[in-house]
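Chemist: Supplied in structure tokens, the structure appears directly below.
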Amino acid sequence: MPDPSNKSLLFIGMSHVIAIRTANEKQPRPGVEVLRIPTEKSVKNTGQAYPAFDIESGKILPDKLGNPNPDVVVLCLSGNEHNVYALFEHPEKFALVTADGRVDDDIDDRTFVPSSVFKDLVLARRVANREMTQDIAALFPKAQIVQMLPPPPMEDGEALRNMKDMDPKLEEAFKSGIGPDATRLAAYEIGIEVIKDEVRAHDALIVEPHPDALTKAGFLKAELCDNPTHGNAVYGQMMLDKIQKEVRAA
Amino acid sequence: MSRKHPYVGLPDRQFWKKDPGIKAPIRFDPVSPPPFQLTRRDKIITAGSCFAQHIARVLSEAKFTHLIAEKPHAMVPPDVAKAHNYGMFSARYGNVYTARQLRQLFQRAYGNFEPKAEGWKMPDGSGVVDPFRPQIQPGGFRSQEELNQDRKQHLAAVRYALENANVLVFTLGLTECWADVEDGAVYPVAPGVAGGSYDPKTTEFKNFDEVETYRDLQAALAFARKKNPKLKIILTVSPVPLNATFEDRHVAVSTTWSKAVLRIAAEKATKKFQNCVYFPSYEIITSPQTRSRYYDEDRREVLEEGVSHVMELFFKHFTNATPQQRGASEDERPGRRAALQRAAAAQKKRAQGASAKQRAKAAELRKARQAKNQPAQDAHTDKMEALNKVLCDEELLDNSED
């Protein structure tokens, strides 16, 4: 029997909504729909149809959705900018301060990058996301906007290192070494700040990663990772629970 | 053989009425033959007031070696680097207005002076700014610890620049400044302007006279020469008038006093140090020959046309290179540049007259271009972006070779 207090949820995002979609496929919940925005390459390679998204114009087609008038639109657009810069060591090793401004490690052999410089790097990468957020809010004017924050990175350790065999490109990247934990987490936190700024104008409810999914230091637990940069279906399940609960409470 | 009077036979440049600039401003050339020449191989460091930014920029544009010791990290694209003031000067010290500020910058770089001032709180309380370069970091620093870390890197870059340069170009800008009452550390702007708050108990106004200014300049240059004995020095005085004065008099009167002091200090330094020359950018912009034409509508900022005149003479005398030889295009020559500026202004005026529909269309196109914009990035970031796409795309993730 569906819970009438559950609002209909439309998740819109790129790779981070896959965990939600997979979780919902395993254990479907009424009123939950996931629109994953595909890349052109992936459409070309798979021939898979994305009826609710026009790849040419980059526009969402609400009429092609299961529910064109969802109560809630949950955004999770991109969100891996921190991994592009910080997951693997750059040839010019760099360091950031932690979110609360501490210098965590011995960073004398690294180029120090001020947080606000890094923030502008992330901002520059998210220009299209900012635009898309505005477009989505305009497409669903009656829906409440929720921002699901992307998961934090994995802690450096055996579990992460064992993922190198997933793809030859990944194996190659591992040779440069994994970035220092403190800097990777700081890069993530800065990315989160940018995302929060992005949705502030839309009065969005921000949903943080599930606390039970995180290690003491704030990384995503290894058993909840699908690959070095994404949560798996179990994580998706946890986030789905959390989002529904917070939406109900809001 | 005796002369009729001592001026007989002196060069034309020593006589006002013989200056070609009286008839043709563009031909005004008050530069005396310098004691040394520059080549593109010379590593030039720049510091000074806001006019020094123009000198630094044109040197870089003309492919001279403007030594940038404090570079952004390789992953930072040029527009972000520029917004955070990398490359404006040889290190991220921002504007160095007074000779005292230059002297203390060198002392701080070598640990000879450790001011007690901590970071100034940002106006919105979100972080701190460096009191010695409060506008260098848009967004400020998250904490004192972050400021300290960045400052450590910055001062190392100052040392590197000083020890590895062949030429120092320093533009003296101001005599007025604000100083810590306890240790005398001087700030480029008053506390409260770009962070912190003004407290007369801890900060005092200073207006250095010609004796103090020369003493500071002499000490700064002697310090630089000690670290780098072969360093050639070019001194200039900024033609940009004071924005504000704390003295109880008209700002124009404070400006002449200040510029006179700076000019005297610069002149005295050229007498004191070998291979130290004064370059008259101040005179090029302010002399009657150029008829104030190089000032913008605010009668303060120097127009690009003026910068162009100054730099043409700089290159002419220090490099003996024509615009073509120094790689500048025809468009960069002073007259041509002015014509281009006029054309741009006319275009702007026309655009203002465009219909709302046309403006909306232009805005839409701009927005579309912006939405597609990806930051220019280095090869490693390109590689990481490609890898990230693989990890983000379930269909692409596999363990095959292709």
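Chemist: Among the residues of region A:145-169, which ones are open to solvent by less than 10 Å² (accessible area, probe 1.4 Å) and among the polar types (S, T, N, Q)?
Modeler: Within region A:145-169, A:147 is the sole residue that qualifies.
Chemist: How many of the residues making up region B:119-166 are away from chain A (no Cβ under 11 Å), open to solvent by 10 Å² or more (accessible area, probe 1.4 Å) and in contact with a helix residue (DSSP H, G or I) (Cβ under 6 Å, 6 or more places away or on another chain)?
Modeler: Number of matching residues: 3.
Chemist: Sticking with this structure for a sec: I'm told residue A:20 meets every condition in (1) farther than 23 Å from residue A:177 by Cβ; (2) open to solvent by 10 Å² or more (accessible area, probe 1.4 Å) except one. Can you identify the failing condition by its number?
Modeler: Answer for residue A:20: the failing condition is (2).
Chemist: Of all residues in region B:73-87 being more than 7 Å from every other protein chain (Cβ to nearest Cβ) and free of Cβ contacts under 8 Å to residues at least 60 places away in the same chain, which is nearest to residue B:135 (Cα to Cα)?
Modeler: Ranking the qualifying residues of region B:73-87, first place goes to B:85.
Chemist: From B:292, B:281, which residue is open to solvent by 50 Å² or more (accessible area, probe 1.4 Å) and small (Gly, Ala, Ser)?
Modeler: B:292
Chemist: Moving to a separate point now. Among the residues of region B:95-118, is any within 14 Å of chain A (Cβ to nearest Cβ) and open to solvent by less than 50 Å² (accessible area, probe 1.4 Å)?
Modeler: no
Chemist: Go through region A:83-117 and count every residue that is in contact with a strand residue (DSSP E or B) (Cβ under 9 Å, 6 or more places away or on another chain) and part of a helix (DSSP H, G or I).
Modeler: The total comes to 4.
Chemist: I would also like to ask the following. Based on what the data block shows, is residue B:189 among the hydrophobic types (A, V, I, L, M, F, W, C), assigned to a loop (DSSP other than H, G, I, E, B) and in contact with a Lys or Arg (Cβ under 7 Å, 6 or more places away or on another chain)?
Modeler: Answer is no for this residue.
This table checks each residue for (1) surrounded by 15 or more Cβ atoms within 10 Å (Cβ to Cβ); (2) free of Cβ contacts under 8 Å to residues at least 24 places away in the same chain; (3) not aliphatic (A, V, I, L, M).
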{"residue": "A:140", "(1), (2), (3)": "yes, no, yes"}
{"residue": "A:171", "(1), (2), (3)": "no, yes, yes"}
{"residue": "A:176", "(1), (2), (3)": "yes, no, yes"}
{"residue": "A:188", "(1), (2), (3)": "yes, no, yes"}
{"residue": "A:204", "(1), (2), (3)": "yes, no, no"}
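Chemist: Of all residues in region B:375-402, how many are at pLDDT below 80, open to solvent by 50 Å² or more (accessible area, probe 1.4 Å) and more than 7 Å from chain A (Cβ to nearest Cβ)?
Modeler: Total meeting the criteria: 2.
Chemist: Let me ask you something else. Can we say residue A:7 is at pLDDT below 95, of a type in the set (D, E, K, R) and over 23 Å from residue A:144 (Cα atoms)?
Modeler: Considered against the rule, which asks whether it is at pLDDT below 95, of a type in the set (D, E, K, R) and over 23 Å from residue A:144 (Cα atoms), residue A:7 comes out as no.
Chemist: Taking the options B:155, B:147, name whichever one is in contact with a strand residue (DSSP E or B) (Cβ under 6 Å, 6 or more places away or on another chain), among the hydrophobic types (A, V, I, L, M, F, W, C) and touching a residue at least 24 places away in the same chain (Cβ under 8 Å).
Modeler: B:147
Chemist: If we keep just the residues of region B:1-55 that are farther than 27 Å from residue B:230 by Cα and small (Gly, Ala, Ser), which is nearest to the chain's Cα centre (by Cα)?
Modeler: B:21
Chemist: Taking residue B:53, is it open to solvent by 50 Å² or more (accessible area, probe 1.4 Å) and closer than 30 Å to residue A:119 by Cα?
Modeler: Considered against the rule, which asks whether it is open to solvent by 50 Å² or more (accessible area, probe 1.4 Å) and closer than 30 Å to residue A:119 by Cα, residue B:53 comes out as yes.
Chemist: Say we look at region A:98-120 and pick out the residues that are at pLDDT 95 or above and open to solvent by less than 10 Å² (accessible area, probe 1.4 Å); which of these is farthest from the other protein chains (Cβ to nearest Cβ)?
Modeler: Filtering region A:98-120 for residues that are at pLDDT 95 or above and open to solvent by less than 10 Å² (accessible area, probe 1.4 Å), the one farthest from the other protein chains (Cβ to nearest Cβ) comes out as A:118.
Chemist: Can you pull out the residues in region B:11-33 that are hydrophobic (A, V, I, L, M, F, W, C), open to solvent by less than 60 Å² (accessible area, probe 1.4 Å) and touching a helix residue (DSSP H, G or I) at 6+ places or on another chain (Cβ under 8 Å)?
Modeler: Within region B:11-33, the first condition is being hydrophobic (A, V, I, L, M, F, W, C), and the residues that meet it are B:15-16, B:22, B:24, B:26, B:28, B:31.
Subset that is open to solvent by less than 60 Å² (accessible area, probe 1.4 Å): B:15, B:24, B:28, B:31.
B:28, B:31 - these are the residues of region B:11-33 that are hydrophobic (A, V, I, L, M, F, W, C), open to solvent by less than 60 Å² (accessible area, probe 1.4 Å) and touching a helix residue (DSSP H, G or I) at 6+ places or on another chain (Cβ under 8 Å).
Chemist: So in region A:24-40, with the set limited to residues that are within 14 Å of chain B (Cβ to nearest Cβ) and surrounded by 13 or more Cβ atoms within 10 Å (Cβ to Cβ), which one is modelled with the highest pLDDT?
Modeler: So the residue we want is A:34.
The values are calculated or read from the model by the stated rules, or taken from the named source; none is laboratory data. All figures in this text were calculated on a predicted structure; none of them were measured in a lab. Neighbour counts run over all protein chains shown; Cβ positions are idealised from the backbone, glycine included. For the accessible areas, the whole protein counts, side chains as well, though only heavy atoms, and no ligand, DNA or RNA atoms are used. Shrake-Rupley method; radii C 1.70, N 1.55, O 1.52, S 1.80 Å.
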